[in-house]
């Protein structure tokens, strides 16, 4: 099944059902995943951009409000501006952990009354308010929901800003592991347990009682008992999702980096992790790169007229210094791209997306990036 | 070489006056380099400094540790340079330290720490991880080298990138509502008393003189203030010292016309950079410092910045 030339980013954008963008914070992951979504929509696919970026700028740029109940399309004039002609082909949604958790509870409780009762649980209400960890726990569930619903040809996921961007894959697994029989039974003491298990349960109970305070511990136990069923069914759907994410015909993981040593070392780490976790590696995107621009020339003194003003003389000296910096960046980025291509080998692409002056905070810039994606 | 306008400081005096300095900003703005430089600068001004970051002592290489010639930091402070020690803030270490304070019997502590079941529970629940990190930080703050004498005068924390930094600083409030009593609540309140106190804690937000980083840093300032963390300063990093003035830009414009030259993009974004800095000054509601872009990397860059940022140098460079 291995081919000698791996699919290009453009090909993945045209054919896959799920594209997951991973990378360290600050590499332009959200921008890249939005550009990928726009690229697919320009090709006529129905695309959902699923983002966890809480910053307002993406919603400002696309004209899709944050905190919506469900995905929404940008206003028609912005879609037209982005060269997207078929209606309904681009939607965006910002991950709202509380909404995802509520949906999960409704889906897996016996009836509405039980769902309402569970959602009123004090521990549940506080937990869903906590930012820490909740994005990781709900990203998979949200992805599952949208892929199952089948209203989109492609879902592009911009992963949570974790140090390890693949944490979101582990999160639900950790809950599942916790709920898998033994450990969970230790947490909720079981009269039928053997001596050893009872001893372990007492230890966990003592430690947690002292740690959390006895009242809190009992409340937490009651919470887990009430939600056990929801968690169990939820983690089952997450395992289905995990399988889809491991299928190279359906999914591609795109590792996004920028030309900084930290971002690069993180992306190599993700690559290792992805291989370890058997996730289909799509390729590397070197974002904010100067590697593609090669039509430029270095300014030479010959350009300056003999009778130049002193302002022009000073300006030209500054231009020369800036040119030297830019030229050095171009050479550095070409080397980096070559290195990424070598590392990707026959298993993935390496593509540079251009650095956009002033940042990619408008539709035109995103369209320029989308074009670069399709030309890759 | 041009100097920054005289309303912009180059030094960061918080490193001389605060107990805790949180260095916050999105990835790629130079947060880690600046953290290293601030640690060296404070140590050279005579303070005992502990420099920390969130991570794993057995995890993959840390950029901050690399600045001090190490792959990672251990969970207990280690000497890095004259007056500078380093440690990683690690969830599991925090959990262990917490268990040691709340469990009455050492044997029980050992058993609890070794318990796979407990480890799995702590791994599974959202926020338990952040809780461990938070407690580890608190415990390091309280370390003493003699009775009543703190082990470190200053803790500098290279905070995680934006989203996770806010998750960490936002942790105590919902947690206290969830568990208003008990040892966790006590620890959270103790931490809050230090972190919300502007006399002891200063959050310094790092950004770049560009549109997007500035927008995001202003959101970050607002986010931190919502979690009641005192934001005292925004540091605009990589400010170019040889920006063109209006006359120079006008003189150069015809020469750039119709040509594709290296350097032209930087020249054209001169005004955008200036506007970005103006926007931070107008909207951050905090002191502003600028740090120049230097043609150096790694430890060399850190050394040079440490000299520039030394609190003894006073206000303007």
Condition broken by residue B:262, with the remaining ones in (1) in contact with a strand residue (DSSP E or B) (Cβ under 9 Å, 6 or more places away or on another chain); (2) within 21 Å of residue B:206 (Cα to Cα) satisfied
(2)
Checking the condition touching a strand residue (DSSP E or B) at 6+ places or on another chain (Cβ under 8 Å), at the interface with chain B (Cβ under 10 Å from one of its Cβ atoms) and more than 23 Å from residue A:8 (Cα to Cα), which residue from A:317, A:328, A:323 passes?
A:323
Run down A:95, A:79, A:99 and say which single residue is buried (at least 16 other Cβ atoms within 10 Å of the Cβ) and touching a helix residue (DSSP H, G or I) at 6+ places or on another chain (Cβ under 7 Å).
A:95
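Show me the strands (runs of 3 or more DSSP E) found entirely inside region B:129-224 where at least 2 residues are in contact (Cβ under 8 Å) with a residue 40 or more places away in the chain and more than 8 Å from chain A (Cβ to nearest Cβ).
B:154-158, B:201-207
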Does residue A:170 fit the bill of being modelled with pLDDT of 75 or more and either within 13 Å of chain B (Cβ to nearest Cβ) or under 21 Å from the mean Cα position of the chain (by Cα) (or both)?
no
For region B:231-243, does any single residue satisfy the condition of being in contact with a helix residue (DSSP H, G or I) (Cβ under 8 Å, 6 or more places away or on another chain), within 21 Å of residue A:307 (Cα to Cα), in contact (Cβ under 8 Å) with a residue 12 or more places away in the chain and not in a loop (DSSP other than H, G, I, E, B)?
no
Looking at region A:281-301, which of its residues are free of Cβ contacts under 8 Å to residues at least 40 places away in the same chain, crowded, with 18+ Cβ neighbours inside 10 Å and in contact with a helix residue (DSSP H, G or I) (Cβ under 7 Å, 6 or more places away or on another chain)?
A:299
Could you check residue A:295 against (1) assigned to a helix (DSSP H, G or I); (2) closer than 30 Å to residue A:255 by Cα and say which number it fails?
(1)
Taking region A:318-359 as the region of interest, how many residues are part of a strand (DSSP E or B) and either over 24 Å from residue B:240 (Cα atoms) or over 24 Å from the mean Cα position of the chain (by Cα) (or both)?
5
Here the residues within region B:16-42 that are surrounded by 24 or more Cβ atoms within 10 Å (Cβ to Cβ) and in a helix (DSSP H, G or I) are B:31, B:33, B:34, B:35, B:36, B:37, B:38, B:39, B:40, B:41, B:42
May I ask you to list pairs of residues, at least six apart or on different chains, whose Cβ atoms are under 9 Å apart, with the first in region A:5-30 being within 10 Å of residue A:256 (Cβ to Cβ) and the second being at pLDDT 90 or above and part of a helix (DSSP H, G or I)?
A:21/A:32; A:21/A:33; A:21/A:36; A:23/A:32
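Any chance region A:156-167 includes a residue that's touching a helix residue (DSSP H, G or I) at 6+ places or on another chain (Cβ under 9 Å), outside any loop (DSSP other than H, G, I, E, B) and either at the interface with chain B (Cβ under 9 Å from one of its Cβ atoms) or modelled with pLDDT under 85 (or both)?
Residues of region A:156-167 that are touching a helix residue (DSSP H, G or I) at 6+ places or on another chain (Cβ under 9 Å), as a first pass: A:156-167.
After this cut, where a residue has to be outside any loop (DSSP other than H, G, I, E, B) as well, the list is A:156-158, A:167.
From what's left, either at the interface with chain B (Cβ under 9 Å from one of its Cβ atoms) or modelled with pLDDT under 85 (or both): A:167.
Yes, because at least one residue in region A:156-167 is touching a helix residue (DSSP H, G or I) at 6+ places or on another chain (Cβ under 9 Å), outside any loop (DSSP other than H, G, I, E, B) and either at the interface with chain B (Cβ under 9 Å from one of its Cβ atoms) or modelled with pLDDT under 85 (or both).
For every residue, the table says whether it meets (1) more than 10 Å from every other protein chain (Cβ to nearest Cβ); (2) at pLDDT 95 or above.
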residue	(1), (2)
B:228	yes, no
B:232	yes, yes
B:235	yes, yes
B:245	no, no
B:258	yes, no
B:267	no, no
Out of curiosity, is residue A:247 touching a residue at least 24 places away in the same chain (Cβ under 8 Å), out of contact with any helix residue (DSSP H, G or I) (no Cβ under 8 Å at 6 or more places or on another chain) and away from chain B (no Cβ under 14 Å)?
yes
Could we say that residue A:88 is modelled with pLDDT of 85 or more, away from every other protein chain (no Cβ under 14 Å) and within 25 Å of the chain's Cα centre (by Cα) here?
no
In region A:7-36, which residues are over 14 Å from residue A:139 (Cβ atoms), modelled with pLDDT under 90 and assigned to a helix (DSSP H, G or I)?
A:31
For residue B:52, state whether it is closer than 30 Å to residue B:212 by Cβ and in a helix (DSSP H, G or I).
no
Checked B:250, B:282, B:271, B:306 against criteria (surrounded by fewer than 21 Cβ atoms within 10 Å (Cβ to Cβ) and within 8 Å of another protein chain (Cβ to nearest Cβ)); the one match is B:250
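Per-residue answers, yes or no, for (1) in a helix (DSSP H, G or I); (2) at pLDDT 90 or above:
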| position | (1), (2) |
| --- | --- |
| A:38 | yes, yes |
| A:49 | no, yes |
| A:53 | no, no |
| A:68 | no, no |
| A:93 | no, yes |
| A:101 | yes, no |
| A:104 | yes, no |
| A:113 | yes, yes |
| A:123 | yes, no |
Test for residue B:93: is it at the interface with chain A (Cβ under 8 Å from one of its Cβ atoms), part of a helix (DSSP H, G or I) and under 30 Å from residue A:97 (Cβ atoms):
no
Lone unmet requirement of (1) over 30 Å from residue B:71 (Cβ atoms); (2) part of a loop (DSSP other than H, G, I, E, B); (3) in contact with a helix residue (DSSP H, G or I) (Cβ under 9 Å, 6 or more places away or on another chain) for residue A:278
(1)
The lone exception for residue A:140 - which of (1) at pLDDT 80 or above; (2) crowded, with 23+ Cβ neighbours inside 10 Å; (3) not in a helix (DSSP H, G or I) it fails
(3)
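The values are calculated or read from the model by the stated rules, or taken from the named source; none is laboratory data. Note that this is a predicted model, so its numbers are computed, not measured. Cβ: placed from backbone, ideal geometry, glycine included. Neighbour counts: every protein chain shown.
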